[in-house]
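The values are calculated or read from the model by the stated rules, or taken from the named source; none is laboratory data. Because the structure is predicted, anything quoted here is derived from the model rather than measured. Quick reminder, even Gly has a Cβ in these numbers, built from the backbone with ideal geometry, and neighbours come from all protein chains shown.
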Amino acid sequence: MDPEEDQKNKIDRPLPAKRISLRNALILRWILVPVCWLWSLRYSYSVLYSSIALVFLTVLYDECGAHAGNFVVRNAINAAGFASFEAGSTLIAGSNNVSLDQIAIYSVCISTGIFATTIQAQDFKDIPGDRMIGRRTLPIVLPDIARETLMIALLFWEGFSASSGPLKPSTCSRSSASLSSSD
């Protein structure tokens, strides 16, 4: 949480809009963590582990300063956070709350790669606020490369998805194959 940055980049958020104090936001945040962990445990330990990973990565990103450091580390932590969220939500939405089948694992891996290589797209609009707080995002450090790598990454992932085609049940575990054949 960085109210100074939000005041510049995201003035509609609750803190800069003064809809909640920083103190109350922090209290609410840390009250919700164990509530979410208990809720996750209702599904399975696997969902709980995903929730724990998400909280760990959030703390690493916000409180430990990964958001302001090297853009490679920042992008990797962002992607890992999305991966932990996606893994947990996929476990909840799927037929097996304990483990992901191969298609789900593949999907989470692809999403993680996409996030890791394109997350800088959201940084372009935040350049003024990021500069103000000393954040070193790719668009600030290497603006020309940031634009070019974004285009290259988008083309790569488009080509990758086109060449992968739909996943076949034979590439998946027995349980997911039987599920897909019953559709």
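Annotations
- Among the residues examined, MET132 does not qualify as modelled with pLDDT of 90 or more, over 30 Å from SER40 (Cβ atoms), among the aliphatic types (A, V, I, L, M) and in a helix (DSSP H, G or I).
- All helices (runs of 4 or more DSSP H) inside the stretch 1-108 with 1 or more residues being at pLDDT 95 or above: 22-43, 45-62, 71-93
Rundown of residues vs (1) buried (at least 17 other Cβ atoms within 10 Å of the Cβ); (2) within 23 Å of ILE152 (Cα to Cα); (3) out of contact with any strand residue (DSSP E or B) (no Cβ under 7 Å at 6 or more places or on another chain); (4) without any contact (Cβ under 8 Å) to a residue 24 or more places away in the chain, yes/no style:
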| residue | (1), (2), (3), (4) |
| --- | --- |
| LEU54 | yes, no, yes, no |
| ARG74 | yes, yes, yes, no |
| ASN78 | yes, yes, yes, no |
| PHE82 | yes, yes, yes, no |
| SER95 | no, no, yes, no |
| GLY113 | no, yes, yes, no |
| ALA116 | yes, yes, yes, no |
| GLN120 | yes, yes, yes, no |
